[in-house]
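For reference, the structure is listed below as structure tokens.
What follows is calculated from the coordinates using simple rules that are stated; it is not laboratory data. Note that this is a predicted model, so its numbers are computed, not measured. With ideal geometry, Cβ positions are generated from the backbone for all residues, glycine too; neighbour counts draw on all protein chains shown.
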Amino acid sequence: MNSTAESRLYYFDNLRAFAMIAGVFFHAALAYSPMSHGIWLTADKQQSAVMDWLFWFTHLFRMPLFFVIAGFFVAYLVINRGMGNMLWNRCKRILFPFIIFWPLCMWAVVAPMLSAATNVEHKSALL
């Protein structure tokens, strides 16, 4: 086994995966939320206050968990590689893909929104 495989922290991968699944639930539940009905594009006519309580509860620990994990791994990279290599790693993994794919992502968001604004029969308040 090489040193990178030995030093990988698999339990943090599992924790991050759990937080991501909670995020999928959070964003799916927004469609049924009375609180976000006026601003969420995919809001459904069926609403439930229970969904509000449930998804806000998961959201209250999910986002701080992401920040703690991110802070841990930044410190881990700085300790193992130094500040310069950590910054270069973040540029390669976050900044460069963001710059390259930002126009495509914006098109993927704006084009369906414009299409929905012109074609949807029962528009949400945001549209």
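When Asp52, Asp44 are sorted by how many other C-beta atoms sit within 10 angstrom of their C-beta, beginning with the fewest, the order is Asp44, Asp52. Rounded to the nearest 500, the 222 nm mean residue ellipticity of the chain from helices alone is -24000 deg cm²/dmol, with -39,500 (n - 2.57) taken per DSSP H run of at least 4 residues. Per-residue Cβ neighbour counts within 10 Å put Tyr10, Tyr32, Tyr76 in the sequence Tyr10, Tyr76, Tyr32, beginning with the fewest. If you wrap the chain in the convex hull of its Cα atoms and look at it from every side, the mean projected area works out to 10.5 nm².
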